[in-house]
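Participant: Input: one structure, supplied below.
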Amino acid sequence: MKTRRIIASLFFLLFALAAAQPGPAWGGGERGDKPAPDDDIPELTDFAALQEIFNQDTGHVRMVALLSPSCGYCIKGYRYMRKILDEVQDERLKMYVVWEPMLSGDSKQLAERMSRKAKDPRMVYQAWDNERVTGKTWQASMDLPGVAWDVYFLYGPDTEWGEDGPSQPDYWQHQGAGGQENWLDYEKLKAKVEEMLAQAG
């Protein structure tokens, strides 16, 4: 009996010591979220930076999303994007995310943390747009009532943006910027991606 008590005491002591050890610097995140010096995402200051990268990928089906890093709905959409990459194994698909400060909890640091959740190399570009340049650009080009955010634009392989900025997307979904007919729906979004890839030949 005495031996059992000693063993039990040692067990609880070891448990307490383990619990007292400092946790990851970024609590609550996924494994691999701990920041590294080279993990900084670029800061987008003009639309031309995104335009150049987008046009370099002509020949691919491309999805562009404008998101807030602290918005739960945006994070759901970002999760849908990563899920599509997992389920649609086609190298002709490319994705781009621009993070915008739309809510009080948004920051470049949080956007960088979120960006690390995307492991697929076909998520080719993520950036922080502190002045919401991209959101204002799409607001003007699509005649939206406010700065574009929580939006998901699909462009076919032949699309190339010119000096006037982004063309109208071939298809798009949202969670607040348009009507119910194109509200964010995972199955519809994935099906449209697959349809556009099939049409690309």
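Participant: Any residue that is touching a residue at least 60 places away in the same chain (Cβ under 8 Å), part of a helix (DSSP H, G or I), touching a helix residue (DSSP H, G or I) at 6+ places or on another chain (Cβ under 6 Å) and not β-branched (Val, Ile, Thr) - is there at least one of those in segment 168-179?
Facilitator: Looking for residues that are touching a residue at least 60 places away in the same chain (Cβ under 8 Å), part of a helix (DSSP H, G or I), touching a helix residue (DSSP H, G or I) at 6+ places or on another chain (Cβ under 6 Å) and not β-branched (Val, Ile, Thr), one finds none in segment 168-179, hence no.
Participant: Are any of the residues in segment 132-139 in a strand (DSSP E or B) and under 17 Å from Met81 (Cβ atoms)?
Facilitator: Within segment 132-139, not a single residue is in a strand (DSSP E or B) and under 17 Å from Met81 (Cβ atoms).
To keep it simple, each residue is scored yes or no on (1) more than 15 Å from His174 (Cβ to Cβ); (2) at pLDDT below 95; (3) not small (Gly, Ala, Ser).
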site: Asp57; (1), (2), (3): yes, no, yes
site: Ala65; (1), (2), (3): no, no, no
site: Arg82; (1), (2), (3): yes, no, yes
site: Val98; (1), (2), (3): no, no, yes
site: Gly105; (1), (2), (3): yes, no, no
site: Arg113; (1), (2), (3): yes, no, yes
site: Ala127; (1), (2), (3): yes, no, no
site: Trp138; (1), (2), (3): no, no, yes
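Participant: Taking Pro69, is it under 15 Å from Asp129 (Cα atoms), at pLDDT 95 or above and touching a Leu at 6+ places or on another chain (Cβ under 6 Å)?
Facilitator: yes
Residue-wise test of (1) touching a residue at least 24 places away in the same chain (Cβ under 8 Å); (2) over 17 Å from the mean Cα position of the chain (by Cα).
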position: Lys136; (1), (2): no, yes
position: Ala148; (1), (2): yes, no
position: Val193; (1), (2): yes, no
position: Leu197; (1), (2): yes, yes
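Participant: A further question on this structure: Within segment 64-86, can one find any residue that is more than 22 Å from Ser167 (Cβ to Cβ), surrounded by 16 or more Cβ atoms within 10 Å (Cβ to Cβ) and over 13 Å from the mean Cα position of the chain (by Cα)?
Facilitator: Scanning segment 64-86, I find no residue that is more than 22 Å from Ser167 (Cβ to Cβ), surrounded by 16 or more Cβ atoms within 10 Å (Cβ to Cβ) and over 13 Å from the mean Cα position of the chain (by Cα), so the answer is no.
Participant: Follow-up question, since we're still on this one. Looking only at segment 157-185, how many residues end up being closer than 22 Å to Asp86 by Cβ and surrounded by 16 or more Cβ atoms within 10 Å (Cβ to Cβ)?
Facilitator: Residues that pass the stated criteria total 6.
The values are calculated or read from the model by the stated rules, or taken from the named source; none is laboratory data. Just so you know, these numbers come straight off a predicted model, no measurement behind them. Methodologically, a virtual Cβ is constructed for each residue, glycine included, from the backbone with ideal geometry; neighbour enumeration extends over all protein chains shown.
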